[in-house]
Every structure is written in structure tokens, then in C-alpha cells.
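Notes for the one structure printed next.
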Amino acid sequence: MNTVPIIRKGSIKDYCSNGFGGGMVIGIMVFLAALINNSIITSLLHGLFAWIAIFILFIGIGFTSEEYYKRKKRIRELNSVKYSFLDDHHFILHQDLFFEGVYKGFWFRVIPMTKWQKKGKELKYDVIESFYNFEPGQHDDEKEIKMSGDYAVGKLCFSNHCAGFIPKDWEDPDFKENFDGLISVFGRENLKPMSKKEWEESYGKQLETGRINEEKSRTKQILKIGKLDIKYIKQDKRAGR
């Protein structure tokens, strides 16, 4: 059975940092608002209390709820019978709660996802990804576009030597059937296995650099005092987030 720590490494530091920075911004706003009808000392106290309150909310409620209770429940779900096939084939459960492993020579990643609904229960499903390589001289971007579409296992998307899809049987996926189905598609298209390391060195680093640069273009600095650097990332309208 896969075992991962309930408390993610470095997560408490992230919450403390966000609580400290967010609390400072709220505290300054409360201080300025309080100055209208109060003395500087009283306004400072109002701001300080607001800062402390936000910090406590981040750590006492946010961290405890998200990084312990909800995460503990999710880990228990990922070690259930539903994912036993992955465990039987020695897939590793990452601390960020997705599976990685090799099946029939191909590297696979299974990413459990949750979609919140305005009404009713949350939807839980899995995204399956695998890397591939073309025969020498065969690769071109148009071929990946043409390969993308509906298949027996689901709607496949091919891009940057990575194939991904949500299984049609998403409520109770048969991972063996889905893996074998994707490998069958790879075989028909003469696609060869590509390891995670090969993909990251050839494509992953470049894509991550592009993502970081794009995110920087949407980032606006709110406050910078010494090492404290509070920023706001504008919504990506193209991605709908």
C-alpha cells in the first residue's frame, strides 16, 4: 500500500507565509480605515488585531482543514480498492496526491481530480497521462492534432509528446482497460515509449519556463517591504481561471 505523509513537506511554511502577508495587507487596510474616527494608537491596535486574526484563520482553520482532515480523507480514498490495480503494479503515490508508474514499458501518470458543483455532491474523476515518442523523422505538430479525438477509452489529446484523457468510465475506471487501450492507440500510430526523465529534459523544462514567464506577465506587485513580497496574479481569461 502506498504511504504518504498526511502533512505535506513545506506546507506549514506556505500557510504561514500567506497568513503573514495576507494578514499584513488586511491589517494595513483596517488601520487606515480606523484612522478616520480613532487615534493612531487605537488604529494600530485595530490593524494588529486584524493581522493576528487573519494569520490564525490561515493556520488554525485553513491549514488544519485542508492539510490535515481533507488530505487525510483523500489519502484514504487513494488507498481504496478503486486504485488497487495501480498499487499492484507498483505505482507510486506522490505527496501531491497523484500516481506515477510504468506499465508495459510506458510511463503513466494518474491524477485524481475534484470538481466542485454549485448544487449537489462534488465530482471526482481521474486524468490519465502518458508520454510517447515518434519514429525518427515522423513527428510534426499537425500529426498530433490529427491524432487527437474520440477513442474507445475516452477523448484523447495529443500534444508535446504527451497523451491525456478522462476515461469514459470515469465514475469507476478500469485502469487496466484504459492503459491497454491507450497503448493500443500508441501501437497503431507507431508511437514508442518515452520515460519521464526524457520528456522533462526535452519538453517539460521548456513548457514550465513558458508557463512561468506567462504567469509573470499576469503578476502585479501589491506590497514589498524588505523580504516581504506580496503579489497578485491576474485571472487568465483564455484558460477560464
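The values are calculated or read from the model by the stated rules, or taken from the named source; none is laboratory data. All of these numbers come straight from a predicted model, not from anything done at the bench. Positions of Cβ are generated from backbone atoms using ideal geometry, with glycine treated the same way; all protein chains shown enter the neighbour counts.
Criterion first (part of a loop (DSSP other than H, G, I, E, B) and under 20 Å from Ile6 (Cα atoms)) does Asp87 satisfy it? No. Select from the range 51-72 the residues that are free of Cβ contacts under 8 Å to residues at least 24 places away in the same chain and of a type in the set (Asp, Glu) and list them in ascending order. Glu66, the sole residue that qualifies.
As a summary of the residue check, Gly154 satisfies the conditions (1) without any contact (Cβ under 8 Å) to a residue 40 or more places away in the chain; (2) surrounded by 16 or more Cβ atoms within 10 Å (Cβ to Cβ); (3) touching a helix residue (DSSP H, G or I) at 6+ places or on another chain (Cβ under 7 Å) except for the one numbered (3).
Considering every residue within the range 79-90, establish whether at least one is closer than 24 Å to Phe131 by Cα, hydrophobic (A, V, I, L, M, F, W, C) and surrounded by 12 or more Cβ atoms within 10 Å (Cβ to Cβ). Looking through the range 79-90, at least one residue is closer than 24 Å to Phe131 by Cα, hydrophobic (A, V, I, L, M, F, W, C) and surrounded by 12 or more Cβ atoms within 10 Å (Cβ to Cβ).
Please verify whether the range 7-24 includes one or more residues that are touching a helix residue (DSSP H, G or I) at 6+ places or on another chain (Cβ under 9 Å), at pLDDT 80 or above and farther than 30 Å from Gly105 by Cβ. Yes: one or more hits.
For the range 84-126, residues that are of a type in the set (Ser, Thr, Tyr) and in contact (Cβ under 8 Å) with a residue 40 or more places away in the chain total 2. The set of residues in the range 185-211 being assigned to a helix (DSSP H, G or I), surrounded by 13 or more Cβ atoms within 10 Å (Cβ to Cβ) and at pLDDT 90 or above consists of Val185, Phe186.
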